[in-house]
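One structure below.
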Amino acid sequence: MPLQVRGAACTVFLRENLLTLLTIIGVISGTLLGSGLRAFGHEWSRREVMYFQFPGELFLRMLKCLIVPLLVSSIVSAIGSLDLSLSGRVGFRAIIYYMTTTICAVMLGIALVTTIQPGRNSEAYSQPKATKLVMKDTLTSDTLLDLLRNVFPENIAQATIASYRTRLSYDPSDKLAINGSLETYKIEGEYQSGSNVLGLVCFSIVLGITLGKMGDKSRPLQNFFHALSEAMMIITGWVIWISPLGVFFLVTAKIMEIGDFGDLVGRLGMYFMTVLLGLFLHGFGTLSILFILATKKLPFRYIAKMGQVMATAFGTASSSATMPITIGCCDDMGLDPRITRFVIPIGATINMDGTALYEAVAAIFIAQLRKVEMSFGKIIAVSVTATAASIGAAGIPQAGLVTMVMVLDTVNLPAEDVSIILAVDWLLDRFRTTINVVCDALGAIIVTSLSEGDIAKTRATQNDREGATVHELTEIEKGDH
Ligand code: ASP
């Protein structure tokens, strides 16, 4: 290739991928600077770390601020603008995709952790026990029921700021409760801060279907949600330019804050590597195979275009905060926006393969440390609860750690055992979040590809209808003359 042509191609590549490159540089340089600052030997105080994190925190707040309006408006406008039977088919395909990938992830995790057995002869158990986590004990059934309660919020305005959870408490004067099991505790409910995204998704789906059924009468409301979704994407387009800096400061501060990483990895190394291997095999193996089967194309070209999304997911450790950028990336790839806006927000809320894989590996790893015998029944119970735990986990940093309590409960392990894996969780969280968002974006491509025929048919019917209307109008005009 002549030098000039090569130079021009290079310029085009740089222009198209500048932001992605800068964001990846942000992650790498953040890691280097963070490690360098720690190597200084200076103990960074929490306040110093907070100052360092501040620009990153601002970036995260901007992204988080977009989540609720973007999520609601995207789902409502996407479903509202799709023909009802088409949205049913798209939804069905998406749910099948989410279920298949999550079950594959859990199975892969279980296969790896039972063959590698990272918990056998591990030193992790001998590490001092962390203080009791701020988690109230609840039964697995409480967590599952809370999941369902949150799907049906009693007040949609409240769902934007708080979600419901069961709290078990005991009366200090009640001897039976203190000495008895959790079954004897008083059952109370409380609202905790943080949006109930599951409830918002469910409400938006129902509203979208209703608007679609109402036809022309719902046009003003549909236009409103459509415009709101577009506006949120324009703001995302501005915020995205801050991502290299935002990600840089978030990663640097996180690395400054952690203890001796070499020591931690040494102790939890096998567990860490098992999760990482699982995530890698799932991302590049299972997902790629499913992608090839469904689209008859290779996924790597598409994955390469997701650099920005992956770097942001890694930097923020939140699939919800990354959602606006994931939607933008799918738009750039030329996917049908109605499908993207339907599949991505729901995926970011309930489809977390990385989290499901990690939940299964971590629970069985802890069981191995504690020498708990894993029967086949228990393994099945772990797979089911790990799937539920991944659906219930919010798309925020380390949410998987909270829902892990439910998985541990199925193997009769106490909630505090989560502290064993706490030390490396912040880093694994970033990797699993990256897989979570890649899986959502690949899902959007797969569902679009599988729905192409249906979309073309709907378009043809619409064109016919419009053609017929124009013809009728022309006939009427002719008659008037
Ligand atoms: N941080 C993850 C996400 O946002 C959830 C988790 O696994 O903790 O996707």
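How many percent of the accessible area of the chain is carbon or sulfur, using a 1.4 Å probe? Spell out each step's value before the answer.
Numbers: 15260 of 23380 Å².
Of the solvent-accessible surface of the chain, carbon and sulfur hold 65 percent.
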**OP:** May I ask you to give the solvent-accessible area per residue for the chain, in square angstrom, as obtained with a 1.4 angstrom probe?
**Re:** 49 Å²
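Out of every Cα pair in region 15-103, what percent are spaced more than 16 Å from each other? Numbers along the way, then the final one.
On the way: 2956 of 3916 pairs.
The share of Cα pairs beyond 16 Å in region 15-103 comes to 75 percent.
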**OP:** Please determine, in degrees from 0 to 90 and to the nearest 10, the orientation of helix 261-281 with respect to the longest principal axis defined by the Cα atoms of the chain, where the helix direction is its Cα long axis.
**Re:** 40 degrees
Subject >> Helix 140-151 axis, angle to the chain major axis (alpha carbon atoms, nearest 10°) >> reply: 20 degrees
Original post:
What is the helix-to-structure angle for 399-410, meaning the angle in degrees between its Cα long axis and the longest Cα principal axis of the chain, kept from 0 to 90 and rounded to the nearest 10?
Top reply: 60 degrees
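Could you pull out the chymotrypsin sites (Phe, Trp or Tyr not before Pro) across region 1-68 that fall in loop regions by DSSP (anything but H, G, I, E, B) with no more than 11 other Cβ atoms inside 10 Å? Present the calculation step by step, with values, prior to reporting the outcome.
Working: sites: Phe13, Phe40, Trp44, Tyr51, Phe52, Phe59; in loops: Phe40, Trp44.
Sparse-neighbourhood loop chymotrypsin sites (Phe, Trp or Tyr not before Pro): Phe40.
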Original post:
How much length is gained on full extension from Ile103 to Ile187, taking 0.36 nm per residue of separation minus their Cα-Cα distance?
Top reply: 27.0 nm
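Using 0.36 nm per residue of separation minus the Cα-Cα distance, give me the extension gain between Ile161 and Glu416 in nm, one decimal.
Details: separation 255, 0.36 × 255 = 91.80 nm, distance 2.77 nm.
Using 0.36 nm per residue and subtracting the Cα-Cα distance, I get 89.0 nm.
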**OP:** For Val206 paired with Leu298, estimate the spin-label separation in nm (one decimal), with each label point 7 Å from Cα along the Cα-to-Cβ line.
**Re:** 4.7 nm
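Counting pairs of alpha carbon atoms under 8 Å apart in space and at least six apart in sequence, what relative contact order in percent does the chain give? Show your work: numbers first, answer last.
On the way: 672 pairs, mean separation 131.9, N = 481.
Reported as a whole number, the value is 27 percent.
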Original post:
For the chain, what is the charge dipole size about the Cα centre, in debye to the nearest 20, if Lys and Arg each add +1 at the Cβ and Asp and Glu each add -1 at the Cβ?
Top reply: 700 debye
Original post:
Want the number for Val12 to Phe152: 0.36 nm per residue separation, take away the alpha-carbon distance, what's left?
Top reply: 45.5 nm
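The values are calculated or read from the model by the stated rules, or taken from the named source; none is laboratory data. Being a predicted model, the structure only gives us computed values, none of them experimental. Neighbour counts run over all protein chains shown; Cβ positions are idealised from the backbone, glycine included. In case anyone asks, the SASA skips ligands and DNA or RNA and just uses the protein heavy atoms, side chains included. Shrake-Rupley method; radii C 1.70, N 1.55, O 1.52, S 1.80 Å.
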